[in-house]
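Engineer: The structure that follows is given in the form of structure tokens.
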Amino acid sequence: MLLSVSNVTVQFGGVTAVADLSLQVDRGELIGIIGPNGAGKTTLMRVISGLVRPTSGSILLNGQDVTGWTIDRRVRSGLALAQQIVKPLATFTLAENVALACGSRRMGSPWQAMTTVNRNAELQRGRELLELVGIAAAADDYPSAVPLGHLKCLELARALALEPELILLDEPLAGLNQAEAAQMADRIASLVTESRSIILIEHNLREVIRICPKLFVQDQGRYLDFGVTEKVMANPKVRTAYLGEGAI
């Protein structure tokens, strides 16, 4: 088991954002996390990444209990997070932005950082990753000169540069038109391998259903359903959560 989320609860003051949720992810899986607004999806993602500490419950990554680990320690153990709002370094080209992520393992040691001068290997790898996500032609462009779709791909490339076993994607299709969203969804699906899994939070239900073999559904912070996409979407409780009472 690559990831095991067990009985996680998150409370902010008197508000329960996530209530006793459990989720297991194997290697080579693409799982979509869906639910109405306010379902607690992003909170769950932040618990997995380490941005939020759960009130109770545990997170295991590769069999190790990482519940108390910092974000950077989780990243060095095989986790990557691609944020919804892309914030690249504006004074660096796209290739240089990815190269910095490629060099993250070297930067784990101050001595390595101080003695590293040649960045050619990282730049070359950065270009390879930009080609993998379909924007190699823009490698020497600056973030301000490319469209949103390219920036979304840049965020994917930066996540891949960390050589993760598990990538968390937070609404990567947000802000894209339908054609762009379909292209991005196909690209995300193509990145799943035997050794790399992806968890996708996304409001574009059409694309999530199309590319994700399995869905995990939350509603009001609670578990609603988890399993094969076709069966989950046929669940009357899931349909009611999206369409409202009396919709079935």
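Engineer: Can you pull out every residue in region 32-60 that is assigned to a strand (DSSP E or B) and buried (at least 22 other Cβ atoms within 10 Å of the Cβ)?
Structural biologist: Passing the criteria: Gly32, Ile33, Ile34, Ile59.
Engineer: Which of the numbered conditions does Gly28 fail, given that it passes all the others? Conditions: (1) surrounded by 19 or more Cβ atoms within 10 Å (Cβ to Cβ); (2) in a loop (DSSP other than H, G, I, E, B).
Structural biologist: Single failed check for Gly28: (1).
Engineer: I'm trying to understand the selection: among the residues of region 199-246, which are polar (S, T, N, Q) and not in a strand (DSSP E or B)?
Structural biologist: Asn204, Gln220, Thr229, Asn235, Thr240
Engineer: Quick one: what pairs do we get from region 77-93, first residue touching a residue at least 60 places away in the same chain (Cβ under 8 Å), second among the polar types (S, T, N, Q), C-beta under 6 Å, 6+ apart or different chains?
Structural biologist: Taking only residues 6 or more apart or on different chains, the pairs are Leu81/Ser49; Pro88/Asn97.
FYI, it's all coordinate maths here, none of it is from the lab. Computed from a predicted structure; not experimentally measured. So basically every Cβ, Gly included, is an ideal-geometry build from the backbone, and we count neighbours across all protein chains shown.
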